[in-house]
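Asker: There's a structure below that I have some questions on.
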Amino acid sequence: MMKTSKKIFGLLGVGLLLAAQSIHATAAVNEEGTAGTTDVNVTFEGGDISLVNVPDPINFESSTVSVDAVSLNGTISTAEFAESLQVDDARGTGAGWQVTAALSPFTDAVTAQETLQGSVLNFSAPTPTTNNTQTVAPTTNEFTLNSENSATPITANEGQGIGSWLFSWSGVEDNITLDVPAGVGSLGEHAATITWTLVAAPNE
């Protein structure tokens, strides 16, 4: 029984010695015994990048059919975030990203036939805001959409756009307009769809 106890205490002593050596391996004291350093370590796993919100439907003022070209001002709901596009980048890499926009053809709400051919939707550059004070804002641009093109209104180059970002068209005069060519306007309600696409790298 005594031999077993001695073995246990011996193992404990070796364990304490190894623990002490391990501690001294990461906590260094100078030869004079007047100062020391302790390492602090933390690890983060990479998260995701996502398109969280896009603007609510855009409505244009009613207009009378005209033989002349017409320019109309668009409005979006004034509810919180209604005019905002939101991107959250929690990857932790700073790799950058971009948002593209494309417009479908306008169609008649009743017949579904294509209408307002050649019409152009114009956007001012959105205003970016963020909760991250340690990053650089993405570049925003004014842009124009028709049924035959796409645009890149927001680009975060490498090191930009990290964290959560809101892009708003609120409070900007004539921020969204629709230009309808002469002789194209027709009776009734017309609708089109904007598709916003998040690309998880810039310039792709």
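The values are calculated or read from the model by the stated rules, or taken from the named source; none is laboratory data. Computed from a prediction, not measured in an experiment: that's the story for all the values here. Because the Cβ atoms are built from the backbone with ideal geometry, glycine has one as well, and the counts that use them run over all protein chains shown.
Asker: Which of the residues that make up region 86-133 are part of a loop (DSSP other than H, G, I, E, B), without any contact (Cβ under 8 Å) to a residue 40 or more places away in the chain and either surrounded by fewer than 15 Cβ atoms within 10 Å (Cβ to Cβ) or not assigned by TED's automatic domain parsing to the domain that holds Glu158 (or both)?
Answerer: Looking only at region 86-133, we keep the residues that are part of a loop (DSSP other than H, G, I, E, B), and these are 90-96, 104-105, 109-113, 116-119, 124-126, 131-133.
Among the residues that remain, those that are also without any contact (Cβ under 8 Å) to a residue 40 or more places away in the chain are: 111-113, 125, 131-133.
Correct list: Thr111, Ala112, Gln113, Asn131, Asn132, Thr133.
Asker: Next question, about the same structure. Starting from residues that are acidic (Asp, Glu) and part of a loop (DSSP other than H, G, I, E, B), keep the ones in region 152-184 and report whichever is surrounded by the most Cβ atoms within 10 Å (Cβ to Cβ).
Answerer: From region 152-184, those acidic (Asp, Glu) are 158, 173-174, 179; that's our starting set.
Cutting the leftovers down to part of a loop (DSSP other than H, G, I, E, B) gives us 158, 173-174.
Numbers: Glu158: 13, Glu173: 6, Asp174: 10.
The extreme case among them is Glu158.
Asker: Can Gln98 be described as out of contact with any Asp or Glu (no Cβ under 8 Å at 6 or more places or on another chain) and over 14 Å from Thr193 (Cβ atoms)? Give the steps one after another, and end with the answer.
Answerer: Values: out of contact with any Asp or Glu (no Cβ under 8 Å at 6 or more places or on another chain): no; over 14 Å from Thr193 (Cβ atoms): yes.
The answer is no for Gln98.
Asker: Does Ala109 satisfy the criteria of being of a type outside the set (Asp, Glu), closer than 17 Å to Gly188 by Cα and modelled with pLDDT under 95?
Answerer: Values: of a type outside the set (Asp, Glu): yes; closer than 17 Å to Gly188 by Cα: yes; modelled with pLDDT under 95: yes.
Yes; evaluated as a whole, the condition is true for this residue.
Asker: Taking region 134-151 as the region of interest, how many residues are of a type in the set (Phe, Trp, Tyr) and not in a strand (DSSP E or B)?
Answerer: 0
Asker: May I ask you to say which residue of Thr115, Thr107, Thr133, Thr100 is under 18 Å from Leu51 (Cβ atoms) and β-branched (Val, Ile, Thr)?
Answerer: Working: Thr115 fails: under 18 Å from Leu51 (Cβ atoms); Thr107 fails: under 18 Å from Leu51 (Cβ atoms); Thr133 fails: under 18 Å from Leu51 (Cβ atoms).
Thr100 is the lone residue from the list that is under 18 Å from Leu51 (Cβ atoms) and β-branched (Val, Ile, Thr).
Asker: Report yes if Leu198 is under 12 Å from Asp89 (Cα atoms), out of contact with any helix residue (DSSP H, G or I) (no Cβ under 7 Å at 6 or more places or on another chain) and either touching a residue at least 60 places away in the same chain (Cβ under 8 Å) or assigned by TED's automatic domain parsing to the domain that holds Asp108 (or both), otherwise no. Show your work before the answer.
Answerer: On the way: under 12 Å from Asp89 (Cα atoms): yes; out of contact with any helix residue (DSSP H, G or I) (no Cβ under 7 Å at 6 or more places or on another chain): yes; either touching a residue at least 60 places away in the same chain (Cβ under 8 Å) or assigned by TED's automatic domain parsing to the domain that holds Asp108 (or both): yes.
Answer is yes for this residue.
Asker: Right, another one. Identify all residues within region 41-74 that are closer than 15 Å to Phe106 by Cβ and not β-branched (Val, Ile, Thr); write none if there are none. Write out each step before concluding.
Answerer: Here is the first cut: in region 41-74, the ones closer than 15 Å to Phe106 by Cβ are 57-60, 63, 65, 70, 72, 74.
Scanning region 41-74 gives Pro57, Asn59, Phe60, Ser63, Leu72, Gly74.
Asker: Let me ask another. State which residue is farthest from Asp89 (Cα to Cα) when the search covers only region 46-75 and only residues that are without any contact (Cβ under 8 Å) to a residue 24 or more places away in the chain and not polar (S, T, N, Q).
Answerer: Looking at residues that are without any contact (Cβ under 8 Å) to a residue 24 or more places away in the chain and not polar (S, T, N, Q), I get Glu61.
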